[in-house]
Amino acid sequence: MTRPPPDAAAIARALAQFPELADGAASPLTGGLINATFAVRAPAGEFVLQRLHPIFAPQIHDNIAAVTEHLRRRGETSPRLLTTTTGARWADLGALGIWRAMTRVPGVSFEAVRSPAQARSAGALVGRFHATLADLDHPFTVRRTLHDTPAHLRTLAEAVAQHRGHRLFAEVEPLAKAVFAAAETLPPLAPAPLRVGHGDLKFNNLLFDETGPEGQGAARCLIDLDSVAPMPLHHELGDAWRSWCNPAGEERGTSSFDAEIFAAALAGWLEALTFPLEPVERRNLVHGVEWIALELTARFAADALHERYFGWDPQRFPAAGEHHLHRAKGQWALHQATLATRELRAQLLLR
């Protein structure tokens, strides 16, 4: 089941682990599905404090530090991890969880893309991220397994087999069957080079300049760096386009794929790259978003029955399963919409 939020005592103990958070006041930040996140205002500045979900090994902070330090050395904006009273990059509070703190980068995030111009700026930021990290020398000894679609399909099959008595089974089972059938028809993704990537490029993981008219500021920083690692670009950008090109956002039950947003984001990304793409990367990028939308459909559908992984909104839904099923239906609609735009996307990527 989803972990309960940390109480005031746990937050106070976590604050005490980081000298720069001394005399700080914490308030919840919403929007994340995994970690418990708090804004901290302290005499030393403004920070972000997080309790990590148990899916993350604490050693991921070595990866985060390597990436953010490399970005800052090259003049890119990136948060800085704080160290604890013992000099560690995270605090292990036993039953209270693993905690980390970092500087808070000024900026505003959006749940959905506002315009093609904003999408182009976002694409350029991601392109600079990829280009800057192309020469990063770091072992990435701890990595999460990202976008293992066969594993997620197996998890969905197990959920359907194990939860036939679940209150949502009658709605999840036909969706699961449709997902399994779709997986049999999509073109396979060929082995491709690994590039250091972000790993979770949903649109609200980008920060934009908040000066000037809303939605017109330039993209300036990527946040939520738990999954940074070498990965194929079709996973990295497939997930980005899944999020960015759906004007309804991830929380609506109906979805579409905005080809104009896609074209703008792709143009911004390609212009910022400093290395050539291999032909297999371009071919895979055509189908990456189709696979990622299908994979996330499977993940949300499985958790509609398991009710143990993703966070959920008790103000909008009676229980976690209902929220996850709502998300699954939205991603399924998005998957179907990506298929309708395949020819156009192929023209832009393969020319």
Check on A12, free of Cβ contacts under 8 Å to residues at least 24 places away in the same chain and either within 22 Å of L125 (Cβ to Cβ) or not in a loop (DSSP other than H, G, I, E, B) (or both): yes
Residue selected from region 308-324 under the condition assigned to a helix (DSSP H, G or I) and more than 19 Å from the chain's Cα centre (by Cα), by the criterion surrounded by the fewest Cβ atoms within 10 Å (Cβ to Cβ): E322
Matching residues in region 80-106 - criterion: being surrounded by fewer than 17 Cβ atoms within 10 Å (Cβ to Cβ) and touching a residue at least 60 places away in the same chain (Cβ under 8 Å): T85, L93, L96, V105, P106
Members of region 158-182 found to be touching a Phe, Trp or Tyr at 6+ places or on another chain (Cβ under 8 Å) and over 10 Å from A301 (Cα atoms), listed by number: H163, A178
Number of positions in region 135-166 that are surrounded by fewer than 16 Cβ atoms within 10 Å (Cβ to Cβ) and either more than 22 Å from Q59 (Cα to Cα) or not assigned by TED's automatic domain parsing to the domain that holds D224 (or both): 9
I64 vs. criteria assigned to a loop (DSSP other than H, G, I, E, B) and not assigned by TED's automatic domain parsing to the domain that holds L133: no
Selection from region 191-224 of residues that are touching a Lys or Arg at 6+ places or on another chain (Cβ under 7 Å) and either more than 18 Å from W241 (Cα to Cα) or not assigned by TED's automatic domain parsing to the domain that holds C245 (or both): D209, G215
Residue match in region 288-296 (condition: assigned by TED's automatic domain parsing to the domain that holds A240, part of a helix (DSSP H, G or I), in contact with an Asp or Glu (Cβ under 7 Å, 6 or more places away or on another chain) and under 29 Å from P193 (Cα atoms)): yes
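The values are calculated or read from the model by the stated rules, or taken from the named source; none is laboratory data. These numbers were taken from a predicted model, which means no experiment stands behind them. When we count neighbours, we look across all protein chains shown, and the Cβ atoms used for this are built from the backbone with ideal geometry, even at glycine.
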